[in-house]
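Written out below as structure tokens is the structure these notes cover.
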Amino acid sequence: MIATQRIRVGVLAGGASSEREISLATGIEIAAHLDAARYEVTLIDPLALMADNAALTDEQRAHARALAEHAGVMEELPERDRRELPAALQERIVKGSSGLVGANSALIPAGKEHRRLDVCFVAIHGQWGEDGTIQGMLELLGIPYVGSGVLASALAMDKVMAKTVLAASGLEVPAGIVVSRTGWPEERESALARAEDLGFPLVVKPVRQGSSVGVVMVDASDGLSAAIEAGFALDDRVMVEERLHGTELTVGVIGNGSELRALPVIEIATKAEFFDYRAKYDPELTDEICPARISDELALRVQDVALAAHRALGCRDLSRTDMIATEDGRVVTLEVNTIPGMTANSLLPKAARVAGIDFGELCGRLIEAALARSA
């Protein structure tokens, strides 16, 4: 019997966004759960390509050069992650980072003896990963990849554009305004007045960040200006939205075309002030209940919203839509994640497990969907 050559998978993890460490955790977990008999897996860090990117810090560019030259650079977690992330997760990230290969050599191998990648699994959250940039590079290289394409990724990452598309598709979104850094000095007073007209409490967040990075809850006018200016440290634009109260729900969607499927609804019940960065990754702070403790009617309704949001943005393979079911009966869409957390204990894999799909099988299905597009 002739041995079948394994499928060569590049799991793209890390990158240069504020969610680098979470992206590493996602990539490390995916790589560990892919069937070694079927897949030959390489954990690849695109940071190695970014040594000349002026938007990065000097420290990030030095890290990029080290990856490009040596690979396997042991990760040093930033102070925020040493403070906020559980110790076990920190350990996995640090240990796993030693296996990273720079994208400079992995995506375009030199010499005929090196076989190119068959497919990539994009596991990078945030800027330069979830926003269509990596997807565009893979399109240029002709490498199939898991997940949404350039346009859907860019739309979903930009909260302003996502809200515009979702609202145009008939989905309810939070009321809010957008404030730009360039217009802030001249328009500060009018912007604050428009924000206050929404009514407190308010949510202030950068337009293009994930994992609740930079999100601030504002209960009164005296904290609003500072919250907006803090957002400008992370983005050129900041959103100010009404803060909604109710049951926080999230629904994963997997598949494509006629096989598109909404997974069981998850209810998020956090002990923190809100589902912030720490609460997202510390199981002691948040209960993620699946199936959610809601009526069957509401469950079907929010699953329909998730499917509609997935289709409206043009997503493919997987997405996760976050919603609030308010006390007055509304279902309000907060955002759509095209690269949701993908550790075994993340929200979408948890819902898949309740639906009878274990994590390894889920990852395999996603890779096969990407390969099928290039067949």
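Can you find even one residue in the range 317-334 that is among the polar types (S, T, N, Q) and not assigned by TED's automatic domain parsing to the domain that holds Arg261? No, every residue in the range 317-334 fails to be among the polar types (S, T, N, Q) and not assigned by TED's automatic domain parsing to the domain that holds Arg261. In the range 239-267, the residues that are aromatic (Phe, Trp, Tyr) and modelled with pLDDT of 95 or more never reach a residue that is assigned to a strand (DSSP E or B) and crowded, with 23+ Cβ neighbours inside 10 Å with C-beta atoms less than 9 angstrom apart, at least six apart or across chains. In the range 39-105, counting only helices (runs of 4 or more DSSP H) that sit wholly within it, the ones holding 1 or more residues that are farther than 30 Å from Gln5 by Cβ and small (Gly, Ala, Ser) span 58-70, 87-97. Of all residues in the range 79-93, those being of a type in the set (A, V, I, L, M), surrounded by fewer than 16 Cβ atoms within 10 Å (Cβ to Cβ) and under 20 Å from the mean Cα position of the chain (by Cα) number 0.
Looking across the range 183-219, just one residue is out of contact with any Asp or Glu (no Cβ under 7 Å at 6 or more places or on another chain) and of a type in the set (Ser, Thr, Tyr), and that is Ser190.
None of Glu113, Glu84, Glu75 is at pLDDT below 75 and either over 28 Å from Asp235 (Cβ atoms) or among the hydrophobic types (A, V, I, L, M, F, W, C) (or both) except Glu113. Selection of the range 20-40 for residues being under 26 Å from Met157 (Cβ atoms) and out of contact with any helix residue (DSSP H, G or I) (no Cβ under 9 Å at 6 or more places or on another chain) yields Ser23, Thr26.
Condition check ((1) closer than 23 Å to Arg8 by Cα; (2) in contact (Cβ under 8 Å) with a residue 40 or more places away in the chain; (3) hydrophobic (A, V, I, L, M, F, W, C); (4) touching a Gly at 6+ places or on another chain (Cβ under 7 Å)) across all residues:
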site: Ile44; (1), (2), (3), (4): yes, yes, yes, yes
site: Leu56; (1), (2), (3), (4): no, yes, yes, no
site: Ala62; (1), (2), (3), (4): no, no, yes, no
site: Pro78; (1), (2), (3), (4): no, yes, no, no
site: Glu84; (1), (2), (3), (4): no, yes, no, no
site: Leu89; (1), (2), (3), (4): no, yes, yes, no
site: Ser97; (1), (2), (3), (4): yes, yes, no, no
site: Val101; (1), (2), (3), (4): yes, yes, yes, no
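The helices (runs of 4 or more DSSP H) found wholly in the range 144-199 and carrying at least 1 residues that are of a type in the set (Val, Ile, Thr) occupy 150-157, 159-168. Being more than 16 Å from the chain's Cα centre (by Cα), without any contact (Cβ under 8 Å) to a residue 60 or more places away in the chain and within 28 Å of Val119 (Cα to Cα) is a description that does not apply to Arg365.
For the range 1-28, name all the residues that are modelled with pLDDT under 95 and under 11 Å from Phe121 (Cβ atoms). Ala13, Thr26, Gly27, listed by residue number. Would you call Gly214 surrounded by 20 or more Cβ atoms within 10 Å (Cβ to Cβ), on the phi > 0 side of the Ramachandran plot, touching a Leu at 6+ places or on another chain (Cβ under 6 Å) and not assigned by TED's automatic domain parsing to the domain that holds Glu130? Yes: the conditions hold for Gly214.
Among the residues making up the range 179-192, those that are out of contact with any Phe, Trp or Tyr (no Cβ under 6 Å at 6 or more places or on another chain) and either surrounded by 15 or more Cβ atoms within 10 Å (Cβ to Cβ) or at pLDDT 95 or above (or both) are Val179, Trp184, Ala191, Leu192.
The values are calculated or read from the model by the stated rules, or taken from the named source; none is laboratory data. In this text the structure is predicted, and so the values were computed from the model without any measurement. With ideal geometry, Cβ positions are generated from the backbone for all residues, glycine too; neighbour counts draw on all protein chains shown.
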